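Student: What follows is a single structure, and I will ask about it in a moment.
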Amino acid sequence: MTQHASPPRDSTGKVPSAGAPPAWRGLMARADVRTLSLLGVLAALILIGGITKPDQFLDSRNLQLVLTQASVIGVVTVGMTFVIISGGIDLSVGAIVALASVWATTVATQEYGFGGILFTAVIVGVGCGLVNGVLIAYGAMVPFIATLAMLASARGLALQITDGKTQIVTIPSVLDLGERDAYVLGIPPLVMVFAVVTIIGWLILNRTTFGRRTVAVGGNAEAARLAGIDVRRQRLYLYLLSGLCCGIAAFLLIVLSGSGQNTNGNLYELDAIAAAIIGGTLLSGGRGTIVGSVLGVLIFTTITNIFALNNLQSDVQQIAKGAIIVAAVLVQRRTASTT
């Protein structure tokens, strides 16, 4: 008697219909919907800004300002997105930016010029990320507690270094990067750095083994471990990456403000987490996109700019941001319940 091969079955044991699309196509479709939705929100905000303050909002200098301001928090958000996708959190990013910016602008550091400031900002950021990563990955500390401790320590050290005073940058090559003469085709250098970081982050997350391991760890850490992934080492690398992004952002902030202050990076951790969330990154881990996070940053920065141009109170601005975050989380939960 001739035996016929049984038809392939899906994970539920059912035989998929001939016309059923693969699961990954559904994921891609949902990602496209989220991206288009965020683009629609951003377009609506631009329309509102253009209607309320057409001469000021649509001015090329104002648009350049929006992109420049988005660049600093945007670089931080790229690192934060990786951490959240892995199932972690980093509450210390704002404090790390502050510490890196003041350490890199001390008189002793400025004696080494442009390279000294850049190197110091990056190495301080990476050093703080290393401490976070070791405590979380090998010290088995909860990310919330470990990064909260780093937040307090880095803020305190930044205050001790500056003694509460602003440290002025005197290196012309650093200050010149913030001048309009340094713009390339009307694009500020800070925006170009942000673009490069975004592209590299996207490639790492979507085209490398490191990115796939990050998603796997966030989706199910135990399953990732059984699959041969060194979960502890992966988490260490992710917090190093977050620290690196903070160091780069600190240098961009130095260029933008021409100084180092212990108050730099205030509430960056909340803005970065919020931007990642409304961009589609799950707080529980296992899913997220760099493009969505960047669009989230642009949305929040545009809101801030519109409110400033219309002389609206900052408390109303915070309420608007909070409403957007709540709406984004509700949409995430609804999406998750239907998958």
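The values are calculated or read from the model by the stated rules, or taken from the named source; none is laboratory data. It should be emphasised that the depicted structure is a prediction, and the values quoted were computed from it without experimental measurement. Note: ideal-geometry Cβ built from the backbone for every residue, glycine included; neighbour counts use all protein chains shown. Note: areas computed on protein heavy atoms with side chains; ligands, DNA, RNA excluded. Shrake-Rupley method; radii C 1.70, N 1.55, O 1.52, S 1.80 Å.
Student: Express in nm, to one decimal, how much length is gained between residue 39 and residue 327 on full extension, taking 0.36 nm for each residue of separation and deducting their alpha carbon distance.
Tutor: Between residue 39 and residue 327, full extension yields 102.1 nm more.
Student: Normalising by the residue count of the chain, find the relative contact order in percent from Cα pairs under 8 Å and 6+ residues apart.
Tutor: 31
Student: Another one. With only Lys, Arg, Asp and Glu charged, each at its Cβ (+1 for the first two, -1 for the last two), find how big the charge dipole of the chain is about the Cα centre; round to the nearest 20 debye.
Tutor: 1280
Student: Something else: To the nearest 10 degrees, how steeply does helix 113-133 sit against the main Cα axis of the chain, on a 0 to 90 scale?
Tutor: On a 0 to 90 degree scale, this one is about 40.
Student: Would you kindly state how much longer the chain becomes between residue 199 and residue 65 on full extension, computed as 0.36 nm times their sequence separation minus their alpha carbon distance, in nm to one decimal?
Tutor: Stretched out fully, the residue 199 to residue 65 stretch lengthens by 46.1 nm.
Student: Take the solvent-accessible surface of the protein heavy atoms, probe 1.4 Å, and return the percent of it on segment 35-337 that carbon and sulfur atoms account for.
Tutor: That fraction is 66 percent.
Student: Next up: Which residue, chosen from 298, 264, 57, occupies the Cα position most advanced towards the positive end of the dipole of the chain, where the dipole is computed from +1 (Lys, Arg) and -1 (Asp, Glu) charges on Cβ about the Cα centre?
Tutor: With unit charges placed on the Cβ atoms, the residue in question is 298.
Student: Do you know the relative contact order of segment 268-321, to the nearest whole percent, from alpha carbon pairs under 8 angstrom that are 6+ apart?
Tutor: 27
Student: Quick check for you: with a 1.4 Å probe and neighbouring chains kept, what is the accessible area per residue of the chain, in Å²?
Tutor: I get 51 Å² per residue for this part.
Student: Follow-up question, since we're still on this one. In terms of solvent-accessible area of protein heavy atoms at a 1.4 angstrom probe, what is the ranking of 196, 255, highest value first?
Tutor: 196, 255
Student: With each pseudo-label sitting 7 Å past Cα toward Cβ, what's the residue 192-residue 166 distance in nm, one decimal?
Tutor: Result for the modelled spin labels: 2.8 nm.
Student: Another question about this same structure. For mean projected area of the Cα convex hull in nm², pick the label among [x] 21.5; [y] 18.5; [z] 26.3 that corresponds to the value derived from the coordinates.
Tutor: Comparing each candidate, only [x] matches the computed number.
Student: Leaving ligands and nucleic acids out of the surface, order 241, 270, 226 by accessible area at 1.4 Å, largest first.
Tutor: Accessible-area ranking of 241, 270, 226, largest first: 226, 270, 241.
Student: May I pose another question? Specify the angular offset, from 0 to 90 degrees and rounded to the nearest 10, of the alpha carbon long axis of helix 60-85 from the longest principal axis of the alpha carbons in the chain.
Tutor: Once rounded, one gets 50 degrees.
Student: Follow-up question, since we're still on this one. Taking 22 Å as R0, compute the FRET efficiency from the Cβ-Cβ separation of residue 159 and residue 315 and round it to 0.05.
Tutor: 0.25
Student: Efficiency by 1/(1 + (r/R0)^6): what FRET value for residue 225 and residue 152, r their Cβ-Cβ distance, R0 = 35 Å, to the nearest 0.05?
Tutor: 0.65
Student: Hey, another quick one. Cut-off 10 angstrom, C-alpha nodes, Gaussian network model of the chain. Which of 170, 147, 302 fluctuates the most?
Tutor: Residue with maximal mean-square fluctuation among 170, 147, 302: 170.
Student: Rounded to the nearest 10 degrees, what's the angle between the helix 290-309 long axis and the longest principal axis of the chain, both from Cα atoms, 0 to 90?
Tutor: Between helix and principal axis, roughly 40 degrees.
Student: Okay, which of segment 231-259 sit inside 19 Å, backbone N to the point 7 Å along the Cα-Cβ direction of residue 184?
Tutor: Flagged as within label range: 248-249, 251-253, 255-256.
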